[in-house]
Amino acid sequence: MISIIVPIYKVEKYINKCIDSILNQKLKDFELILVDDGSPDNCGKICDEYSKKDNRIKVIHKKNGGLVSARQAGFKVSTGEYIGFVDGDDYIEENMFFDMMEKAKEYNADMVLCDFFHLYPDKKVKSKQYFEGGFYDKKSLEKYIYPKMIFSGSYYSFGFTPSCWSKIFKREVLENNIMKVDTRIKMGEDAAFTYPCMLDSNNIYFIKNKHLYNYRINPKSMTQSYDKNLWNIILLPYYRLKEKSFESDFDISFQLNYYLLYLINFVIRNEAKAGKIKSLKDKIKIIKEILYNDDILKAIKEVDLNILPNHTKTIVKFIRKKSVLGLYIYINMFSIFLRIKR
């Protein structure tokens, strides 16, 4: 049996379609765990109504703690041999979990992955993942998957998208990793346990060119405002992956250099949004913390400048020179660009 965990927060507009798409699955042997993460709208009531109609549904009502804590709460009450995730504003194809569980049973797979659709307001785009479909045993994982699963070789392109909702996990593999994810993480929360799960897996199966999940992209959900706490938490998924690299038999530190730059780009973008909210003194403080962070300094020494886009290449050059002024000017120029873009 598979347990399907759905974290729910402020998705009243979409939740019915999400739940219906799961209940209408070709696969019938599952439990559905709806985690109401303190949603202030009617999501909690909607979940309770569904649970009255279908005894496969469990509902958890909890204080808002974020996506990571909601997934962890769902996992704690789950009983399935395999675990899958669906976000509350997305929906799935009717054969998704049937197809994935079929491969899981056939190959006794620790993980099964699939392709998916990106749903934009005006179009539907197929995912593009680096690897060929099919079965990978441990030797194949070490030869083909691990060396490029986080960084495929072009900036910035994952080998496998880290999203947990396009994967199912054997229980023991997930258990060893999901509970170690810091609940403060707001970006990179999937990467913090999907890649560690992959490193722990003895085998995986990738269902390529079957787009079984519909991931809704809402441009308004991309934060437009300054997040004063971002710098304090942005590197948490990197630190978890770095820790896992030390624990694992396979070294992923080279790929993590590029992942770290990916996160730093978000820090720069965030600081560009600060505008007059933040004093010059506080801006300089963050810049210096970036310029003198040991992990960042190590990463920018080892990355290949030739494969970086110009904007990231510029950031790396300023960090290598420890140029406070250069990075400050870059952030201000980027701030002007963002205002014009709006």
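Structural remarks
- Checked against the criterion of being buried (at least 23 other Cβ atoms within 10 Å of the Cβ) and over 15 Å from the mean Cα position of the chain (by Cα), the candidates Ile145, Ile204, Ile168 yield just one match: Ile204.
- Some residue of the range 21-39 being in a loop (DSSP other than H, G, I, E, B), in the same structural domain as Met179 (by TED's automatic domain parsing) and of a type in the set (Val, Ile, Thr): no
- Boolean, Ile168 is part of a loop (DSSP other than H, G, I, E, B), in contact (Cβ under 8 Å) with a residue 40 or more places away in the chain and hydrophobic (A, V, I, L, M, F, W, C): no
- Residue within the range 304-311 that is modelled with pLDDT under 95, under 26 Å from the mean Cα position of the chain (by Cα), buried (at least 17 other Cβ atoms within 10 Å of the Cβ) and outside any helix (DSSP H, G or I) present: yes
- Scanning the range 46-103 for residues that are of a type in the set (A, V, I, L, M), part of a strand (DSSP E or B) and either free of Cβ contacts under 8 Å to residues at least 40 places away in the same chain or surrounded by fewer than 17 Cβ atoms within 10 Å (Cβ to Cβ) (or both) turns up Ile57, Val59, Ile60.
The values are calculated or read from the model by the stated rules, or taken from the named source; none is laboratory data. Just so it is clear, the model here is predicted, and its values are computed rather than measured. Neighbour counts run over all protein chains shown; Cβ positions are idealised from the backbone, glycine included.
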